[in-house]
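Engineer: Quick one: the structure is below, and I'll ask about it shortly.
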Amino acid sequence: MSSQSAASRYHDTYAAWKADPQAFWAEAAKAIDWFEPPKTIFDAGAGPYGRWFPDAVCNTCHNAVDRHVANGRGDQAAIIYDSPVTGAKATITYAELLVRVKALAGALADLGVAKGDRVIVYMPMVPEAAVAMLACARLGAIHSVVFGGFAARELATRIDDAQPKIIVSASCGIEPNRTIAYKPLLDEAIATATHKPAGTIILQRPQVQAALTPGYDHDWAEVTAKAAGRDVPCEPVKATDPLYILYTSGTTGAPKGVVRDNGGHMVALAWSMKAIYGVDPGEVFWAASDVGWVVGHSYIVYAPLIAGNTTIVFEGKPVGTPDPGTFWRVIAENKVAAFFTAPTAFRAIKKEDPNGTFIGQYDLSSLRTLFLAGERADPDTIKWAEEKLKVPVVDHWWQTETGWTIAGNPVGLGILPIKYGSPTVAMPGYDVQVIDDAGHPVKPGTLGNVVVKLPLPPACLPTLWNADERFRASYLAEFPGYYKTADAGIMDEDGYLFIMARTDDIINVAGHRLSTGGMEEVLASHPDVAECAVIGVHDALKGQSPCGFVVLKAGVTKDPAQIEKELIGLVRDKIGAVAAFKLAITVERLPKTRSGKILRGTMQKIADHEEWKMPATIDDPATLAEIETAIRARGIGV
Ligand code: COA
Ligand code: AMP
């Protein structure tokens, strides 16, 4: 344990929430400007497990932008754009942000977008991505942001599920080693999808000019110029109306449409900025993630803006754009008070700058805390970051589903002692418990299923988009009365949680959540593949990386090395570069139980040199030895 002060208001705050959750959230709701304030705080009878603030009326854009301009923050920077991949930098004040958001909202309205309509946002890390999200929120439209690293097929799946009226996109995204033209991907996705949006708005970037189809594709600059100066008021919406849908990996290829509401989302995020991140309005808060992920939604766009902070939209990587000092430059130049990123980013920096030489070149005196999330923070990385940055390094655990911290170390309430490897303790709102497979509580220090006693707090998903039954089946059915996080973990005597692994087929690659089931579906579509299994194997940089095992159909004479290459290309083509699928291994057969279940868990343990037991139900024990030989022959775990 490191030596922070144990004096913290956390225990009192958590006890106050537990004693009267409704009073706690009613108090937190005062941070929000409501068109009609909540009279009812929680309706236990609505939705699959209840709904927060069911009778309140509000608008998220009003709270994130308009009210700050009205209250004197107009000249404060709302968004700082820093793009080492293009060399561009810009500062957008709250007043300017309001003008831009109104103009895009007007343009969307001109194209027929109204309250309740869906809009897909497929954008790189440019300020216009945040403008698009806020413009939707202003109209009461529901945005669904799709990460730029996904392939056309993934985009098509989301188009069919969300059924957007309009898609907002850009001509390109920029990776350090290549420029990705988005328009051909977008065209392919629209052609593949059954649902046809009414049109697109495309931001033309100087690096690539997208070919626009007149009457269907609209130039961002033109349509916003046309709508500029018009007053586009914030549409009153119910607190329970959806603000956005964010698709995340499920255990199959069909992603889950996580729904976020307006009211509860604002209340929990506003509370978190001071209590968890310890920042005050006016300070600079930076989450180096992507708007395509939940961290980007909550902590690049909504929470900092709702709280009146300055946020940073960073278009670059922790290393190579141009060097491992990029993060420190941005922190020093912008006086960042709190910084949030994924452990994998730190591992990448540590690898290139082990002695912290670049860190020493910048004045980081503004930085008070480093926050890590997205994957298990390994103690080595935390200790290195603590030593080099000389600020507390705070791990916190959450999910796309929750939208904010389940377990964390609430810096604003007084930091708790840090235990390496633990994201610390349950936040108010979450009654976190660890139970065995039969649903019984386990003793402190024992590994089990981490669950949250219902109801979930404000901002957590009320359901899945158009899929209440899938929501119930995925999260509520296995342990009645609880939300299943699908993480396995331990709670110690002090209530500290240790999140160890997923209990489903989801892997975490460079802080990105990916479905092995989805990859298996792609591998199985190859004409030469009879069956397959994908597992996540330990990766020193990315935490995990996917590894596919394939059994070829009888009679296939093609060179297996060629097929493996095709399979790698196929996953990249169908899911996207972000899947980072670089390893396919041809084997004679897969290890299975007598009932035919592939022993993926045992394969993963063998690959990672973890302790494993021969499953009693195994069909042929020799198959595991064969897998071990195949794995080691490719240098995994050697
Ligand atoms: N658009 C298109 N392609 C993208 C992309 C995007 N927005 N983001 C990533 N990719 C591509 C990458 O270029 C790479 O392609 P390649 O195989 O041709 O090299 C591939 O997807 C895999 O990307 P990634 O796993 O991110 O690896 P990387 O080597 O590019 O970068 C890290 C490694 C660690 C630097 C990077 O993953 C990182 O910064 N991770 C932090 C993640 C994070 O913030 N997560 C949010 C939770 S807090
Ligand atoms: P995502 O929905 O992409 O944010 O991924 C959520 C999953 O990432 C969780 O269910 C965990 O498995 C993992 N995760 C996120 N944060 C942490 C953390 N701080 N420690 C351990 N695992 C984490």
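Engineer: Quick one: check the C-alpha center-to-center distance for region 534-557 versus region 167-227, whole angstrom.
Structural biologist: One Cα centre to the other: 34 Å.
Engineer: Now for a separate question. Once the Cβ-Cβ distance between Asn71 and Asp494 is put in as r, and R0 is 41 Å, what FRET efficiency do you end up with, to the nearest 0.05?
Structural biologist: Details: r = 41 Å, r/R0 = 1.00.
FRET efficiency, Asn71 to Asp494: 0.50.
Engineer: In nm, give the distance between the simple-model label positions of Thr86 and Ala477, each being 7 Å from the Cα along the Cα-to-Cβ direction.
Structural biologist: Computed distance between label sites Thr86 and Ala477 equals 4.6 nm.
Engineer: Could you pull out the pairs from Lys30/Lys453; Lys256/Lys335; Lys553/Lys592; Lys183/Lys542; Lys256/Lys542 whose alpha carbons sit more than 27 Å apart here?
Structural biologist: Lys256/Lys335; Lys183/Lys542, as the Cα separations exceed 27 Å there.
Engineer: Could you work out the relative contact order of region 106-221, using alpha carbon pairs under 8 angstrom and six or more residues apart, expressed as a whole percent?
Structural biologist: Details: 205 pairs, mean separation 28.7, N = 116.
With pairs under 8 Å counted, the relative contact order is 25 percent.
Engineer: Would you calculate, for the chain, the mean residue ellipticity at 222 nm contributed by helices, counting each DSSP H stretch of 4 or more residues as -39,500 (n - 2.57) and dividing by all residues, to the nearest 500?
Structural biologist: -8000 deg cm²/dmol
Engineer: Return the whole-Å distance between the Cα centroid of region 74-112 and the Cα centroid of region 21-41.
Structural biologist: 29 Å
Engineer: Ignoring ligands, DNA and RNA, how do Leu111, Leu367 rank by accessible area with a 1.4 Å probe, largest first?
Structural biologist: Working: Leu111 45, Leu367 10 Å².
Ranked from most to least accessible, the order is Leu111, Leu367.
Engineer: Let a ≥ b ≥ c be the square roots of the eigenvalues of the Cα gyration tensor of region 510-633; is it rounded (a/c under 1.5), or, if not, prolate (a/b larger than b/c) or oblate?
Structural biologist: Because a/c hits 1.5 or more and a/b fails to exceed b/c, region 510-633 counts as oblate.
Engineer: Tyr277: net charge of surrounding residues, Cβ under 12 Å, Lys/Arg +1, Asp/Glu -1, itself excluded? Numbers along the way, then the final one.
Structural biologist: Details: positive: Lys274, Arg368; negative: Asp280, Glu283.
Computed value for this residue: 0.
Engineer: Enter the accessible area per residue of the chain (Å², integer; probe 1.4 Å; all protein chains in place). Working shown, then result.
Structural biologist: Numbers: 23590 Å² over 638 residues.
Accessible area per residue, the chain: 37 Å².
Engineer: Further question: So for the pair Glu36, Leu212, with labels modelled 7 Å out along Cα→Cβ, what separation do we get in nm?
Structural biologist: 4.0 nm
Engineer: Tell me the trypsin sites (Lys or Arg not before Pro) within region 318-386 that lie in a loop according to DSSP and have at most 12 other beta-carbon atoms within 10 Å. Numbers along the way, then the final one.
Structural biologist: Details: sites: Arg329, Lys335, Arg347, Lys350, Lys351, Arg368, Arg376, Lys383; in loops: Lys335, Arg368, Arg376.
Sparse-neighbourhood loop trypsin sites (Lys or Arg not before Pro): none present.
Engineer: Continuing with the same structure: Only Cα pairs under 8 Å and at least 6 apart count here; give the relative contact order of the chain as a rounded whole percent.
Structural biologist: 13 percent
Engineer: Could you work out the longest stretch of the chain that avoids the GluC sites (Glu not before Pro) located in DSSP loops with at most 13 other Cβ atoms within 10 Å? Mind showing how you got there, number by number?
Structural biologist: Working: sites that count: Glu493, Glu588, Glu610, Glu611.
Value returned for the longest uninterrupted segment is 1-492.
Engineer: Take every DSSP beta bridge whose two residues both sit in the chain, then give the antiparallel share in percent to the nearest 5.
Structural biologist: Taking every DSSP beta bridge within the chain, about 60 percent pair in antiparallel fashion.
Engineer: Next question, about the same structure. When the chain is fully extended, how far beyond the present Cα-Cα distance does Asp20 get from Glu188, taking 0.36 nm per residue of separation?
Structural biologist: Difference between extended and current length: 55.3 nm.
Engineer: Still on this structure: Using a probe of 1.4 angstrom, how much of the accessible area of the chain is carbon and sulfur, in percent?
Structural biologist: C and S atoms contribute 53 percent here.
Engineer: Here is a further query. How much solvent-accessible surface does Ser169 expose, in Å² to the nearest 10, with a 1.4 Å probe and all protein chains in place?
Structural biologist: In the full protein context, Ser169 sits at about 0 Å².
Engineer: Once you have the Cα-Cα distance between Arg632 and Val99, take 0.36 nm times their residue separation minus that, and quote the gain in nm to one decimal. Before the final figure, lay out the partial values.
Structural biologist: On the way: separation 533, 0.36 × 533 = 191.88 nm, distance 5.85 nm.
Length gained between Arg632 and Val99: 186.0 nm.
Engineer: Could you order Asp559, Asp75 so the one with the most accessible surface comes first? Probe is 1.4 Å. All intermediate terms of the calculation are to be shown ahead of the outcome.
Structural biologist: Numbers: Asp559 90, Asp75 140 Å².
Final ranking, largest accessible area leading: Asp75, Asp559.
Engineer: I need to check one value: relative contact order of region 510-633, counting alpha carbon pairs closer than 8 Å and at least 6 residues apart, in percent.
Structural biologist: Value for region 510-633: 23 percent.
Engineer: Continuing with this model, one more query. Just to confirm the filter: which chymotrypsin sites (Phe, Trp or Tyr not before Pro) across region 312-364 are DSSP coil and have at most 14 other Cβ within 10 angstrom of their Cβ?
Structural biologist: none
Engineer: May I pose another question? For region 586-615 and region 467-532, what is the centre-to-centre distance using only Cα atoms, to the nearest Å?
Structural biologist: With region 586-615 and region 467-532 each reduced to a Cα centre, they are spaced 18 Å.
Engineer: Which entries of Lys317/Lys605; Lys115/Lys165; Lys351/Lys388 show an alpha-carbon separation above 21 angstrom in the structure shown?
Structural biologist: Where the Cα-Cα span goes over 21 Å, the pairs concerned are Lys317/Lys605.
Engineer: Sort the chain into rounded, prolate or oblate with this rule: let a ≥ b ≥ c be the square roots of the eigenvalues of the Cα gyration tensor; rounded if a/c is under 1.5, and if a/c is not under 1.5, prolate when a/b is larger than b/c, oblate otherwise.
Structural biologist: Values: a/c = 1.44, a/b = 1.20, b/c = 1.20.
Cα axes put the chain in the rounded bin.
The values are calculated or read from the model by the stated rules, or taken from the named source; none is laboratory data. The structure displayed is predicted, hence computed values, not measured ones. Because the Cβ atoms are built from the backbone with ideal geometry, glycine has one as well, and the counts that use them run over all protein chains shown. Each accessible area value is taken on the protein alone, full model and side chains, heavy atoms only, with ligands, DNA and RNA left out. Shrake-Rupley method; radii C 1.70, N 1.55, O 1.52, S 1.80 Å.
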